[in-house]
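Enquirer: My questions will all concern the structure given below.
Just so it is clear, none of the values below were taken in a lab; they were calculated from the coordinates. From a predicted model like this one, the values you see are computed outputs, not experimental measurements. Every residue, glycine among them, receives a Cβ derived from its backbone with ideal geometry; neighbour counts consider all protein chains shown.
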Amino acid sequence: MLIKTGRDGFIHPVSSEITPQAVYRDRREILRLMATGAAGTALAAWAGRQAQAQAQRPGKLAALQAARSTVPGAVTMEKVTDYKDASTYNNFYEFGTDKADPARNAHTLKTTPWTVEVEGLVKKPAKYALEDLLKLGAQEERIYRLRCVEGWSMVIPWVGYSLSKLVEKVEPMGNAKFVEFITLADPKTMPYVGSRVLDWPYAEGLRLDEAMHPLTLLSFGMYGEVLPNQNGAPVRLVVPWKYGFKSAKSLVKIRFTDREPKTAWNKAAANEYGFYSNVNPEVDHPRWSQATERRIGEDGLFAKKRKTLMFNGYEAQVGQLYAGMDLKKNY
Ligand code: MTE
């Protein structure tokens, strides 16, 4: 994210409003069939393809059963990114700064035993063993867009439950206003912890009402399986309306506080990465535009940039959280 060269495969966004090829082709096909009265069949085929894509389970890791989520906005019908892309093009700086590094290096991460400690301004602080945390809520499948601040995006079927389930369990005190998320920083298993890229451990934060929003996911899996190490095993956060870096991986501590917590990227470059970091096409990063994005998997010769949507397309669900706030100031 701070790296300015093209080393990460980062391509500077250019503005384009053209519908991506695949979607365009699907629509054109449906229109053609509508003219011949076969639109119903075409739509059914399209839905079938979606279902197939969304049910893909690579069979590489342990299965994690989940029912399709009924939370409003939790399941996009957009084409799901291939598992291969989602698990080999990653940001996980503890394992290196190149997109391919986490998949290459994260096999050293030891995910059992694993505990997540919940502390701070709560009536019921607790240390949860992963097995107990897994059972705290019913596992749901959520198909979210993930928009990275660098200008690329994916569509990923996550498995997990609303973080609010855990928040309710520990009973925040009246003066708890923020939640801090702290991730593992183990120099023995994470080769880049100790490097000066970031101030370790990687830490993130949310306002309590953001943490309580039903779309904020505590995730244990993706594509019907437990998380691969490079995607933040065994448990991570997914906040779909914020830039990807808010979705902290490999969580070990959740702390409730009365003041805005310091976050890793904000500490590294406060003028570039704010506390809120809501996806916002109208507020540019100081060094590049945020108006468009490149969908991973659509990088072919004819692939066009997509327009980035306000709150990553989740405005109907989360816009109210920011009513009256100046989003240019609170970037
Ligand atoms: N969590 C930790 N602990 N370390 C990281 O470097 N990178 C963040 C976020 N969570 C990061 C992290 C960034 S910049 C992004 S875009 C997402 O993870 C990427 O998630 P993915 O690799 O599963 O797509």
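Enquirer: When Lys and Arg each count +1 and Asp and Glu each count -1, what net charge do the other residues less than 9 Å away from Lys124, Cβ to Cβ, add up to?
Expert: Within the 9 Å Cβ shell, the charges total +1.
Enquirer: Follow-up question, since we're still on this one. Going by Cα centres, segment 220-242 and segment 250-295 are how many Å apart?
Expert: Taking the Cα centre of each part, segment 220-242 and segment 250-295 sit 19 Å apart.
Enquirer: Under 1.5 on a/c is rounded, so check that first for segment 65-322, then, if it is not, pick prolate when a/b is larger than b/c and oblate when it is not; a ≥ b ≥ c are the square roots of the alpha carbon gyration tensor eigenvalues.
Expert: Rounded, because the longest to shortest axis ratio a/c is under 1.5.
Enquirer: Oh, and also: Using only Cα atoms, locate the centre of segment 54-85 and the centre of segment 176-207, then give the distance between them in Å, rounded to an integer.
Expert: Computed from Cα coordinates, the inter-centre distance equals 27 Å.
Enquirer: Given the Cα-Cα distance of Leu309 and Lys329 and 0.36 nm per residue of separation, how much length would full extension add, in nm?
Expert: Between Leu309 and Lys329, full extension yields 5.3 nm more.
Enquirer: Mind checking the full-extension length gain between Ala129 and Lys84? Use 0.36 nm per residue of separation minus the Cα-Cα distance, one decimal, nm. Present the calculation step by step, with values, prior to reporting the outcome.
Expert: Details: separation 45, 0.36 × 45 = 16.20 nm, distance 2.96 nm.
13.2 nm is the gain from fully extending Ala129 to Lys84.
Enquirer: A further question on this structure: Could you sort 88-100, 216-228, 56-68, 128-140 so that the peptide with the highest average Cβ count within 10 Å comes first and the rest follow in order?
Expert: 216-228, 88-100, 128-140, 56-68
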